[in-house]
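Here is the structure we will look at.
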Amino acid sequence: MREEFYLAAPCLVLCLLLASCQAARQGQDIRCGACRALVDEMEWAISQVDPKKMIQTGSFRINPDGSQSIKEVPLARSEANLLELLETVCERMQDYGERVDSGSSRKSYLRIKSRTGEAMDLSEAKLDSSVTSSLKFACESIVEQNEDEIIEFFSHETENVKDKLCSKRTDLCDHALKIPHDEL
């Protein structure tokens, strides 16, 4: 009996270790998917704002010389607009489904509801409330932990935000494009 235990114990430890690694990878996949979906949703919402609309920012106090430190910036990428968008962006995670890559078993998340009402191919997507609630929770955690960086990126960056924010700055995606640190 004792020999069987000594033979079974390493197998049990190995099985538990493998299960732990798989759970960690699944957690990584959901956090990465939530980050990438968050960026997609933010970029879409920003694109819906009239680029001609401006907002005044700065101090409305009068300086000793009689001037004010007010400047106009585009509304779409203003801090006020971005903060407002961040308040509701995670609600849109309900519009996403899960797709599992047959070769690597990695999970990715794709939009399952069209923004314009057109039909979408859902043959590869798994529609599940546990997926959407996990994505929403991950999105809310990302926003809470990285709000300042998200605002900073969207107020200044316009290219490769998804890869720069989700991979390099927050380390949420370990399998995205590799971008040299000096570009950040």
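The values are calculated or read from the model by the stated rules, or taken from the named source; none is laboratory data. Because the structure is a prediction, the values reported are computed rather than measured. Positions of Cβ are generated from backbone atoms using ideal geometry, with glycine treated the same way; all protein chains shown enter the neighbour counts. Note: areas computed on protein heavy atoms with side chains; ligands, DNA, RNA excluded. Shrake-Rupley method; radii C 1.70, N 1.55, O 1.52, S 1.80 Å.
Tabulated results
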{"read-out": "For segment 135-170 and segment 26-103, distance of Cα centres in Å", "value": "10 Å"}
{"read-out": "Percent carbon-and-sulfur accessible area, segment 33-88, ignoring ligands, DNA and RNA, probe 1.4 Å", "value": "51 percent"}
{"read-out": "Accessible-area value, Met120, 1.4 Å probe, nucleic acids and ligands omitted, Å²", "value": "80 Å²"}
{"read-out": "Distribution of pairwise C-alpha distances over segment 78-125, 5 Å bins, in %", "value": "5, 17, 19, 18, 16, 13, 8, 4, 1"}
{"read-out": "Which listed pairs, of Lys113/Lys164; Lys136/Lys162; Lys107/Lys136; Lys126/Lys164; Lys113/Lys162, have C-alpha distances above 22 Å, in listed order", "value": "Lys113/Lys164; Lys126/Lys164"}
{"read-out": "For segment 71-154: accessible area per residue (Å², 1.4 Å)", "value": "60 Å²"}
{"read-out": "Peptide ranges 132-140, 29-37, 101-109 listed from the most packed, as the mean C-beta count within 10 angstrom indicates", "value": "29-37, 132-140, 101-109"}
